[in-house]
Amino acid sequence: MSWLRVETPLPSGPMHIAVTPLGVVAGGYLGDEAGELPRCTDEAKIAAVKTRIGDYLAGRSREPGLPIDWSLSTGPHRTVLQTLLREVPYGRTITYGELAARSGVFEGVAEPGLAARTVGQMMAANPVPLLVPCHRVVAADGIGGFGGGRVGIEVKRWLLTLEGVLEPTLDWNGPL
DNA sequence: AGCTATACCCTTT
DNA sequence: AAAGGGTATAGCT
């Protein structure tokens, strides 16, 4: 896989996206690990990803519309991610417990609270942030948490504001 | 009404 | 093989 850098208006700064011949395989919000990553040299892919991601973050498109390479996720993990992608459209949110139920992975296996916890873990381990809208998954009583340290939760809030789920705040620097 | 403790799954190191 | 996580709920205070 090869990586490319995408400028974003996110509080975390530029993103890094990994692509394969199949599609987008991974991504990250950390802007400093770029040094050791193999750089993508395919100009066509670079342009496509930058355009799609850029349009989405600018509010010009509602779906990134990029092909996803699921090879980094397997079993239940992949099932839950795909369920999320299919069941939760732009501007909607779902709770951890709800997603667990919809995915069917925990059918009759675990108790509600326990399944929700597992889903949280899966979201945290989501290799393809943004394309798989893990930020649309919230806790039953509020926004919930978000991995990636302190900026993580800020990114989540930013994205939810972009989609109109949350009211804009003072530090909102995005479109609208 | 609000807070703490507990449950025991799935991914990652 | 072990630890821990973006939670949900039940029970107390």
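Worth pointing out:
- Surface composition of chain A: carbon and sulfur atoms hold 54% of the protein heavy-atom accessible area at a 1.4 Å probe.
- Other residues whose C-beta falls under 15 angstrom from the C-beta of A:LEU114 contribute a net charge of -2, scoring Lys and Arg +1 and Asp and Glu -1.
- A:ARG102 paired with A:GLN82, simple spin-label distance in nm, labels 7 Å along Cα-to-beta-carbon: 1.6 nm
- Contour excess over end-to-end distance, with Cα ends at A:ARG60 and A:ARG117 and 0.36 nm allotted per residue: 17.1 nm
- From the Kirkwood radius over Cα pairs of chain A, Stokes-Einstein at 37 °C and 0.692 mPa s returns a whole-number translational diffusion coefficient of 197 µm²/s.
- Chain A - percent relative contact order, Cα under 8 Å, separation 6 or more: 22 percent
- Exposure ranking of A:HIS16, A:HIS77 by accessible area [1.4 Å probe, largest first]: A:HIS77, A:HIS16
- In chain A, helical runs assigned H by DSSP with n ≥ 4 each contribute -39500 (n - 2.57); averaged across all residues and rounded to the nearest 500, the mean residue ellipticity at 222 nm is -11000 deg cm²/dmol.
- Beta bridges from DSSP with both residues in chain A: antiparallel share about 65 percent, rounded to the nearest 5.
- Annotation note: chymotrypsin sites (Phe, Trp or Tyr not before Pro) in segment A:1-92 located in DSSP loop regions with a Cβ neighbour count of at most 15 within 10 Å are A:TYR90.
- Considering only alpha-carbon pairs that sit under 8 angstrom and 6 or more positions apart, the relative contact order computed for segment A:73-162 is 31 percent.
- Packing-based ranking of A:92-99, A:139-146 yields A:92-99, A:139-146, ordered from highest to lowest mean Cβ neighbour count within 10 Å.
- Packing around the peptides A:43-49, A:160-166, A:170-176, taken as the average count of other Cβ atoms within 10 Å per residue, puts them in this order, highest first: A:160-166, A:43-49, A:170-176.
- Residue-span extension gain [A:ALA125 to A:LEU170] - 0.36 nm each, minus C-alpha spacing: 13.2 nm
- The alpha carbons of segment A:1-51 occupy a box of 29, 24, 16 Å along the principal axes, longest dimension given first.
- Under 11 Å, Cβ to Cβ, from A:THR83 - net charge with Lys/Arg +1 and Asp/Glu -1: +1
- Counting Lys and Arg as +1 and Asp and Glu as -1 over every other residue whose Cβ lies under 11 Å from the Cβ of A:GLY54, the net charge comes to +1.
The values are calculated or read from the model by the stated rules, or taken from the named source; none is laboratory data. Treat the numbers as computed from the prediction; the structure is a model and nothing was measured. Here the Cβ is made from the backbone with ideal geometry for all residues, glycine too, and neighbour counts use every protein chain on show. All accessible areas refer to the heavy atoms of the entire protein, side chains included, with ligands and DNA or RNA removed. Shrake-Rupley method; radii C 1.70, N 1.55, O 1.52, S 1.80 Å.
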